[in-house]
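Inspection log for the structure reproduced underneath, given as structure tokens.
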Amino acid sequence: MGVDMGELRGTHVPVLLERCLELLAPALRLPGAVHVDFTLGLGGHAEAVLERFPDVVLIGLDRDTEALAHSRHRLARFAGRTHLVHAVYDELPRVLDGLDVPAIHSGLFDLGVSSLQLDEADRGFAYAQDAPLDMRMDQTSGFTAEHVVNEYEPGQLVRILRTYGEEKFAQRIVSSIVRERQKGRITSTARLAELVKDAIPAAARRTGGNPAKRTFQALRIEVNGELATLEAAVPAALDALAPKGRLVVMSYQSLEDRIVKRALTARTRSTGPVDLPVELPGTGPTLRLLTRGSEPPSEQEVAANPRAASVKLRAVERLDRHDGTSGAARERPRLSTTHGGRGRLRPGEQQEGEGKA
């Protein structure tokens with residue numbers, strides 16, 4: 001599903017392109033490989049996959065119809081092995097069922113706001129440009145940021161700014177919004193950004209970039225239901241991975257990264273009783289981490305593409321069934337007793353001196 005836009009808009013430099021391809025390559029070379037780009041956007045990552053792996057079939061998902069139109073144009077020469085679908089990434093099971101695809105071999109999430117949405121002022125995502133308060137990634141449905149700002153109860157707004165924007169001046173900002181909307185409806189990004197700036201103490205405005213950044217992030221997450229969608233989407237993607245399949249996720253703020261980390265690491269551990277000497281059938285880990293914690297971008301990457309500055313990359317591989325995820329019980333590796341005589345650490349525990357990934 002696309003839109004007729006006339007001249008295509010927007011530019012795009014794919015974030016961590018070479019690192020993503022390096023991590024996904026073993027899966028992309030599997031026979032009959034199906035790759036899912038969960039956040040197709042302007043199609044930069046997808047184009048590179050299709051160019052370098054001529055046997056791969058691509059399924060590209062995006063909720064933004066304008067982005068899909070861009071990608072259809074960009075990927076037209078690969079039309080014989082692409083399926084571009086207007087869908088949110090937690091709808092993967094429905095999409096695969098409709099395409100009669102039983103499993104995928106490779107997947108990529110590039111979370112956050114796309115270059116198109118940031119660069120085009122009329123979408124309402126950018127606090128540095130004046131535009132209607134929209135912020136919908138899918139402009140064919142849903143409520144807008146204008147609705148949230150003008151219709152939500154003050155307590156709801158405070159909760160959203162604190163939870164989704166981690167904004168410590170949420171109460172002051174909401175008080176300013178409520179006073180303003182009593183005079184008239186707040187309809188523009190510029191006016192909202194001005195209200196936020198004026199509500200934050202002058203000393204706090206001198207550091208941390210644009211003072212409206214956290215408020216705009218919070219409103220965008222609320223409008224698009226981003227975190228709840230992500231919480232459903234990552235497990236669905238992992239469930240769809242074939243043995244030896246790989247998944248890469250790039251997130252740009254701590255709330256996203258926490259969700260991704262929990263979903264990935266949970267499947268790298270045994271779910272069986274901790275004191276048994278054997279791994280019971282079906283209780284062993286099903287994933288192998290390919291990155292040590294989250295990988296940041298290199299200085300060279302940020303210099304070439306400033307939008308990569310906050311990215312955190314995580315990657316996993318689905319274990320083959322022969323690696324102990326099914327079948328008969330198997331003996332667990334013998335562990336040292338360096339944990340104060342307590343034996344095997346329970347999931348989530350850390351040895352003294354260990355840092356968190």
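All of the numbers you see were taken from the coordinates with simple rules; none came from a lab. Since this is a predicted model, take the numbers as computed values, not measurements. All Cβ positions, glycine included, derive from the backbone under ideal geometry; neighbour counts span all protein chains shown.
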request  = Would you grab the residues whose amide H sits under 5 Å from the one on Gly245? Only those 5+ places off in sequence or on another chain, please, with H modelled 1.01 Å from N.
outcome  = Arg318
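As a test of understanding, state the convex hull volume per residue of the stretch 158-305 from its alpha carbons, in Å³.
Values: hull volume 27.2 nm³, N = 148.
Per-residue hull volume (Cα only) is 184 Å³.
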note = Rounded to whole angstroms and listed largest first, the alpha-carbon spread of the stretch 63-112 along its three principal axes comes to 28, 28, 18
query = In terms of the ratio Rg/(2.2 N^0.38 Å) built on C-alpha atoms, what value belongs to the stretch 174-214?
reply = 1.19
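Nearest 20 debye, what's the magnitude of the dipole of the stretch 172-263 about its Cα centre given +1 on Lys and Arg Cβ and -1 on Asp and Glu Cβ?
Once rounded to the nearest 20, the dipole reads 400 debye.
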